[in-house]
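For reference, the structure is listed below as structure tokens.
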Amino acid sequence: MWHGVADKPGATPRHPATPPVPGSTETGFIAHDPPAVPYLRSGTLISPDGRAVGIPDGSWTDFTELADGRLVLVQQKSLTVVGRQRRSYGLDGAITSRPDGAAVAWTGTDGRVRRLDTGSAEPVVVPGGRQLSPACRGIRIDGRPEPGWQTCDRDGGLLSPDGTYFASVGSVSVTLAPRADITAGVSTAFLGVVLDAVWEDDGHLLVVVVAADEARLMRVGVIGDTEDLIAPVRGANDRTRPVLVLPATAMQP
């Protein structure tokens, strides 16, 4: 899928193809153009350059990377920050991260929003802070959007990095459309359930689709082109321990 289709004019150039991660593909499957963002695969962090790093065992459902090299892993009711030291915190909901890796924020079990900045050992409480819904990550302070955290337009569509397109994510399909003319959008349906989605670059959305016991990582372009990026990953029936997880990277125009 998505073979031989050129990017739209003005889109961010794609990353050059690199060899598939050893052990991450099945015989005969070759990923010609791997994902340009990191992802979790069965207890391993896969970087865009193909490096595979083991992560602590857990039922991780979300993650983000801070610019100082720390990894923030999320599971139900808690998050763990992995670096030189490992620290865990209570969590009520999802995390929100800045696209530049400068900070991550979350709502604690006491209802207060906390923010962990690059270089800071401990999070601080954000006075008047409120997180947006997990499907539309962001932060508001005293009702006003906080600059640098926006991920969605006013109708809840995930914004592309340059703000030109939005993605409307359904249970079995996604629709990508230019913000200037939503009637020109293209919908793509899948033979499975969409569990996760994030913009890869200005013109492509990454999607995790689960059918039966297999999870697939797919790329969807704004012109409707699609591509399977890795071989199907088995063991997707346990929703508490997803075998494929995309990052909670915020995208802002």
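In table form, for the structure just shown:
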| quantity | calculated |
| --- | --- |
| Any hit, region 182-190, residues being under 24 Å from Gln76 (Cα atoms) and free of Cβ contacts under 8 Å to residues at least 60 places away in the same chain | no |
| In region 181-209, the residues that are of a type outside the set (Gly, Ala, Ser), part of a loop (DSSP other than H, G, I, E, B) and closer than 25 Å to Asp238 by Cα | Phe190, Leu191 |
| Residues of region 61-116 that turn out to be within 17 Å of Ile141 (Cβ to Cβ) and without any contact (Cβ under 8 Å) to a residue 40 or more places away in the chain, as a count | 9 |
| Qualifying residue in region 200-207 (condition: touching a strand residue (DSSP E or B) at 6+ places or on another chain (Cβ under 8 Å), closer than 24 Å to Ala94 by Cβ and open to solvent by 10 Å² or more (accessible area, probe 1.4 Å)) | yes |
| Some residue of region 81-89 being part of a loop (DSSP other than H, G, I, E, B), more than 26 Å from Val220 (Cβ to Cβ) and either open to solvent by 70 Å² or more (accessible area, probe 1.4 Å) or modelled with pLDDT of 95 or more (or both) | yes |
| Selection count, region 157-176, where residues are part of a strand (DSSP E or B) and either in contact (Cβ under 8 Å) with a residue 40 or more places away in the chain or within 12 Å of the chain's Cα centre (by Cα) (or both) | 5 |
| Single condition Asp238 does not satisfy, out of (1) in contact with a strand residue (DSSP E or B) (Cβ under 8 Å, 6 or more places away or on another chain); (2) among the charged types (D, E, K, R); (3) outside any strand (DSSP E or B) | (1) |
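The values are calculated or read from the model by the stated rules, or taken from the named source; none is laboratory data. All figures in this text were calculated on a predicted structure; none of them were measured in a lab. Cβ coordinates were reconstructed from backbone atoms using ideal geometry, including for glycine residues, and neighbour counts include every protein chain displayed. Side chains are part of the model used for accessible areas, which takes the heavy atoms of the whole protein and leaves out ligands, DNA and RNA. Shrake-Rupley method; radii C 1.70, N 1.55, O 1.52, S 1.80 Å.
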